1. Restricting to the stretch 383-440, and then to whatever is in a loop (DSSP other than H, G, I, E, B) and of a type in the set (D, E, K, R), can you tell me which residue is nearest to C470 (Cα to Cα)?
2. Starting from the stretch 197-214, take each residue that is β-branched (V, I, T) and list its partners that are in a helix (DSSP H, G or I) and surrounded by fewer than 24 Cβ atoms within 10 Å (Cβ to Cβ), counting only C-beta distances under 8 angstrom and pairs at least six apart or across chains.
3. Which condition breaks for D405 when tested against (1) without any contact (Cβ under 8 Å) to a residue 60 or more places away in the chain; (2) within 15 Å of F393 (Cα to Cα)?
4. Of the conditions (1) under 23 Å from D329 (Cβ atoms); (2) surrounded by fewer than 18 Cβ atoms within 10 Å (Cβ to Cβ), L446 satisfies every one except a single condition; which number is it?
5. Taking E400 as the residue in question, decide whether it is closer than 30 Å to S452 by Cβ and at pLDDT 95 or above.
6. Do any residues in the stretch 308-330 that are surrounded by fewer than 18 Cβ atoms within 10 Å (Cβ to Cβ) have Cβ atoms under 8 Å from those of residues that are part of a loop (DSSP other than H, G, I, E, B), where the two are at least six apart or on different chains, and which pairs are they?
7. At least 3 residues that are touching a helix residue (DSSP H, G or I) at 6+ places or on another chain (Cβ under 8 Å), closer than 21 Å to N424 by Cβ and hydrophobic (A, V, I, L, M, F, W, C) in each: list the strands (runs of 3 or more DSSP E) lying fully within the stretch 194-266 that qualify.
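The values are calculated or read from the model by the stated rules, or taken from the named source; none is laboratory data. These numbers were taken from a predicted model, which means no experiment stands behind them. Methodologically, a virtual Cβ is constructed for each residue, glycine included, from the backbone with ideal geometry; neighbour enumeration extends over all protein chains shown.
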Amino acid sequence: MIHHSTRRTAPAIGPTRREALAIGIGAAAIAASCARPTVAAEPASPFLSSDIGALKRVLVHSTKPNDHLIGKLDGGVIPSVEVDRAAMAEQQASLMRLLSETGAEVIEVADALEAAIEATRPSGVFEAWLDALYPRLGADPAAVTADMILGRRETMQFELGPDGNYRHRTDDARSTMWTRDSAFMTPNGLVICNAANPIRTHENQLMRFLYAHSPMLKDYPVIFDGMEEGLVVEGGDAMVADEKTMFLGVGNRTDPRVAPFLARRLGMDIVTVQTVEREFLRAGGWSGDGWIGELNLLVLHLDTYFTLVGPKHGLALPYLMEAEYAGEDPLSRYVRGARADTGMDADDAEAALKMLKDFGAVRRYAAGTGAEERLGAMKFIDYLKADGYRITFTGGPRPETSDEDRFRHFMSVAYPEQRRQATNVVQAAPGRVIAYDGNPATKAALEADGVSVDAFFARDLWSWHGGPHCLTQPLERIAATAADIAAAKAPTTAAEATDGAAQRR
């Protein structure tokens with residue numbers, strides 16, 4: 001673990017439950033105060049300066065075969081059994097091995113939670129937090145473990161109550177594996193997120209408790225708390241470009257109103273990338289049925305359609321974020337034709353066409369003041385190129401021959417690879433990214449542009465609409481330099497390729 005002289009000490013532990021009750025403070029009030037991380041009054045020295053560079057510490061949540069898959073807010077009449085938990089666990093373990101091989105210290109949420117529980121038992125803080133957030137586990141708080149909170153105690157998963165019927169005591173925590181969404185580090189401190197989907201609220205509550213009380217995470221100052229501010233923000237929409245700039249996807253899973261707040265609090269320029277145009281986003285997010293729902297999942301977060309792969313180098317879904325193709329991108333061409341000859345709903349089609357035409361519009365909010373600056377008709381890729389960025393496109397180079405060739409290439413190559421989370425990669429070492437296997441065109445394009453790709457089989461992960469970027473919450477990085485890039489390892493060796501083929505079998 002790296003030591004920094006500027007790190008904050010752990011927040012002070014509050015009164016015991018008995019003491020608090022004696023002075024008239026209820027358990028929920030204790031939990032609300034004691035589980036709340038202290039928000040830093042001033043920006044901290046950076047633990048990372050961008051979303052690229054060598055990973056030093058990263059928070060993850062590994063899926064386990066015995067993870068419970070029934071949630072309190074689930075609406076199904078019967079529970080789903082389509083998830084192959086063992087396969088998911090095996091595939092995610094490949095990511096953990098790749099992270100460790102790069103030299104990163106990998107911290108598991110379960111371990112950080114167990115440490116937080118043990119640190120707060122003596123004071124009564126843990127018991128109060130448990131009573132407030134997990135009351136059905138509160139009858140015997142001394143026996144509660146991290147695995148019980150995370151739904152991994154098998155004896156509790158399918159209990160019958162006194163009436164002989166199912167008794168729900170433990171919640172589905174599987175989505176916690178997308179740790180990027182629940183909190184993210186910036187050059188000036190940590191941002192605790194506030195999920196659009198109410199089913200994921202427990203992840204943000206869990207992160208607040210961990211960063212307030214876990215000895216493994218106590219040194220990271222919280223600079224902004226989305227739950228406290230009452231603004232919906234998810235980490236998959238945040239991309240730290242450099243110490244002065246953050247990219248932020250808005251309209252789908254992050255409220256546009258959060259951008260000026262972050263600009264003022266973080267002291268960074270916030271460049272927003274529009275998914276769906278809207279004034280605000282309430283809890284629950286934006287969704288839809290039919291084709292518009294599919295489009296929603298295709299571009300769920302910013303990291304679904306854009307990630308950083310090197311200094312001034314991005315990987316991006318083609319066409320949709322360039323003003324030149326507004327309204328004439330391949331998906332718009334498909335929708336306009338298909339709505340006449342298929343069962344596509346007309347209102348659905350119109351909503352999709354409006355979204356696609358405006359998708360990728362950018363605005364900038366000034367550091368310190370949050371003042372909004374519209375950037376004209378340019379879209380995100382236009383903005384990046386004007387700023388000197390290189391862009392590698394998902395699906396590889398675009399045909400330059402004809403509209404029909406470009407349309408065919410997008411629909412048959414780029415679009416399928418996008419669905420397999422080809423754009424959703426994470427850099428763990430300079431010049432190298434970790435990606436899902438099964439996207440050969442994107443992999444070849446990255447390697448042709450000087451980026452090595454460590455790919456792992458992930459069929460049961462990508463179907464849940466997240467990638468390696470979503471599965472990691474970087475805490476500390478060493479900034480990439482030109483020398484780092486030049487000295488990066490060569491592309492995948494023959495031995496590594498053979499090992500990957502064996503894994504696929």
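1. So the first thing to find is which residues in the stretch 383-440 are in a loop (DSSP other than H, G, I, E, B), and the list is 387-389, 394-402, 420-425, 430-431, 437-439.
Now restrict to residues that are of a type in the set (D, E, K, R): 387, 398, 400, 420, 437.
Working: D387: 26, R398: 27, E400: 33, R420: 13, D437: 16 Å.
Once the filter is applied, the top-ranked residue is R420.
2. Between residues of the stretch 197-214 that are β-branched (V, I, T) and residues that are in a helix (DSSP H, G or I) and surrounded by fewer than 24 Cβ atoms within 10 Å (Cβ to Cβ), the close pairs are I199/S175.
3. (2)
4. Among (1) under 23 Å from D329 (Cβ atoms); (2) surrounded by fewer than 18 Cβ atoms within 10 Å (Cβ to Cβ), L446 violates only (2).
5. no
6. Taking only residues 6 or more apart or on different chains, the pairs are K312/D387; K312/G388; K312/Y389.
7. Hits in the stretch 194-266: 245-250.
Rundown of residues vs (1) more than 25 Å from the chain's Cα centre (by Cα); (2) of a type in the set (D, E), yes/no style:
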position: K354; (1), (2): yes, no
position: R363; (1), (2): no, no
position: M378; (1), (2): yes, no
position: R420; (1), (2): no, no
position: T423; (1), (2): no, no
position: G431; (1), (2): no, no
position: D437; (1), (2): no, yes
